[in-house]
1. Which condition does Gln100 not pass, out of (1) open to solvent by 10 Å² or more (accessible area, probe 1.4 Å); (2) within 27 Å of Ala75 (Cα to Cα); (3) not in a helix (DSSP H, G or I), if it passes all the others?
2. Restricting to region 66-97, count the residues that are open to solvent by 40 Å² or more (accessible area, probe 1.4 Å) and under 22 Å from Leu201 (Cβ atoms).
3. Looking at (1) of a type outside the set (S, T, N, Q); (2) at pLDDT below 95; (3) assigned to a helix (DSSP H, G or I); (4) under 15 Å from Ala144 (Cα atoms), which is the only condition Asp190 fails?
4. Would you pick out the residues in region 205-214 that are under 30 Å from Glu254 (Cβ atoms) and open to solvent by 20 Å² or more (accessible area, probe 1.4 Å)?
5. Quick one: what pairs do we get from region 42-59, first residue polar (S, T, N, Q), second in a strand (DSSP E or B), C-beta under 8 Å, 6+ apart or different chains?
6. Of the conditions (1) within 19 Å of Ala237 (Cβ to Cβ); (2) modelled with pLDDT under 95; (3) among the aliphatic types (A, V, I, L, M), Leu85 fails just one. Which one is it?
7. Going by the structure shown, is Gly124 assigned to a helix (DSSP H, G or I) and either crowded, with 23+ Cβ neighbours inside 10 Å or of a type outside the set (Ser, Thr, Tyr) (or both)?
8. Can you tell me which residue within region 215-242, out of those that are part of a strand (DSSP E or B) and under 12 Å from Thr141 (Cβ atoms), is most open to solvent (accessible area, probe 1.4 Å)?
Amino acid sequence: MRVCVGRIIRLITLFLLIVLSLGQAMPETNTNASTVSSEPQVKAVPLMRFSGAIGPAIAEYLGSEIQHANELLVAERPPLLIIELDTPGGLVSSLRSINQAILSSKVPIACLVAPSGARAMSAGTYMLYACHIAAMAPATTLGAATPVQMGMPSQNEKPSNPRDKDPAKGDDSKQLGSNDNAMTQKIRNDAIAYIRSLANLRGRNVEFAEQAVSDAATLTATEALEQNVITLMASDAGELLTKLDGMEVVLDGEPHSFNLKQTRLVPHEQSWRSHFIATITDPNIAYILMLIGIYGLLLEFYSPGVGIAGVIGGISLLVALYAFQLLPINYVGLGLILLGIALIIAESMVPSFGILGLGGIVAFALGSLFLIDADGGDLAISQPLIAAVTVTAAGFSLWVLSSLWKTRKAANVSGDDLIIGAMATVVSGFEHYGLVRLNGECWQARCDTHTQTGQTVIVQGRERLTLIVAPIPSPTEANPPQDSGGR
């Protein structure tokens, strides 16, 4: 009994010692936790990079990143978003989508034209004006802010400031002499008003913004900084982050000061979907996919087989159509391409001695030039590619024509033309019906006179599978003696 009581006392004592030790350790743990939470956390600054034309893929990439940053809780939002760009311009629809995301963002956004030698032309200039912070690396340029699909002014038309109108002369669009020039003027004025609104919102140079659209003016990074077109110069995103620390910007109408000491850059690369869209929306790729799709389906319908051509053609055509709905397609150009392909195929099936083929080549070339509704730049189909495809189509048409011409001049190698007039040998003598050998084949034959075995006869006609033959006349029969008219 005493042994049991002693064991119980020892267990109780051990339990009390454990509880006391835990009680002493708890304050230290809480102290350490409070110490860790009091330390400033390092916040991530997303860095988005892109180069090339601004298209649907870039719009989706930047739009999704900006939306994701704004959907986070206020405490978890990044203090800044940085977009590093190098672009020759792009689509108006994609540009406006990006700028709407920038203007509605509750997280400040900085645009940096980098690295050295990069540019922010056309649509890129609009992006710089839309961002809260505009920065450029040394030896970079911006300007020429007329988007490529807006159309360029005609050679005889002098760009003008929309505010410098003479009221006595009325509206400028009425004086241009054509609807095309009037539409060009209206589009230019809309672009000027758009970039002016961005410049006024960010407090930057309005005069240069207008000149960039109306006169295609450009500036270097140093000139842009001197003329208050950009906020500052930085060679890379790291230097930009350092220079922005402590700077103040206007965010949602309120002053906002950057605190970027405890931050680090985190590159956010494009997803596989953005890369895929960027690939297929390249006008050259979309153009090739369309041709593969059309010819693949035609080959499958013309010569049904395993179905490989049809499957590849169907997939390629659907992907091309998806890309075309994201690009500024001129449907007249698409119609000309389809007409050209149809005429070339018709030439191979219904020979017209080159009329259909030549018309198809011309329609195909014109349609390829008109297909993308953009005036040059990275959003137009490569002219060498158009030339190569057109020459290939022309070569195919010429090959078909030459083959048909050779076939027309070649001698017949089968049919009645080859049989009639040929010499046959009697297999076994017969009268009326029997067998003859012609070109190594035995034929049933009919002859009105008696024939002998081994006799040579001439084929005069054919009735289904029966040859009509006659003995070869002798020279005397073929050339009867002439009456000399003598005695």
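1. Every listed condition holds for Gln100 apart from (3).
2. Taking region 66-97 as the starting set, the residues that turn out to be open to solvent by 40 Å² or more (accessible area, probe 1.4 Å) are 67-68, 71-77, 86, 93, 96-97.
Remaining after also requiring under 22 Å from Leu201 (Cβ atoms): 67, 77, 93, 96-97.
Residues in region 66-97 being open to solvent by 40 Å² or more (accessible area, probe 1.4 Å) and under 22 Å from Leu201 (Cβ atoms): 5 in total.
3. (4)
4. The first filter runs over region 205-214 and keeps only residues under 30 Å from Glu254 (Cβ atoms), leaving 205-210, 212.
Result: Asn205, Val206, Glu207.
5. Ser51/Leu85; Ser51/Asp86; Ser51/Thr87
6. So the condition that Leu85 fails would be (2).
7. Details: assigned to a helix (DSSP H, G or I): yes; either crowded, with 23+ Cβ neighbours inside 10 Å or of a type outside the set (Ser, Thr, Tyr) (or both): yes.
It is true that Gly124 is assigned to a helix (DSSP H, G or I) and either crowded, with 23+ Cβ neighbours inside 10 Å or of a type outside the set (Ser, Thr, Tyr) (or both).
8. Here is the first cut: in region 215-242, the ones part of a strand (DSSP E or B) are 218-220, 232-233.
Filter once more, keeping what is under 12 Å from Thr141 (Cβ atoms): 218-220.
Working: Thr218: 76, Leu219: 17, Thr220: 58 Å².
Here the answer is Thr218.
The values are calculated or read from the model by the stated rules, or taken from the named source; none is laboratory data. Values in this document were obtained by computation on a predicted structure and should not be read as measured data. Cβ: placed from backbone, ideal geometry, glycine included. Neighbour counts: every protein chain shown. We work out accessible area using only protein heavy atoms, side chains counted, and drop any ligands, DNA or RNA first. Shrake-Rupley method; radii C 1.70, N 1.55, O 1.52, S 1.80 Å.
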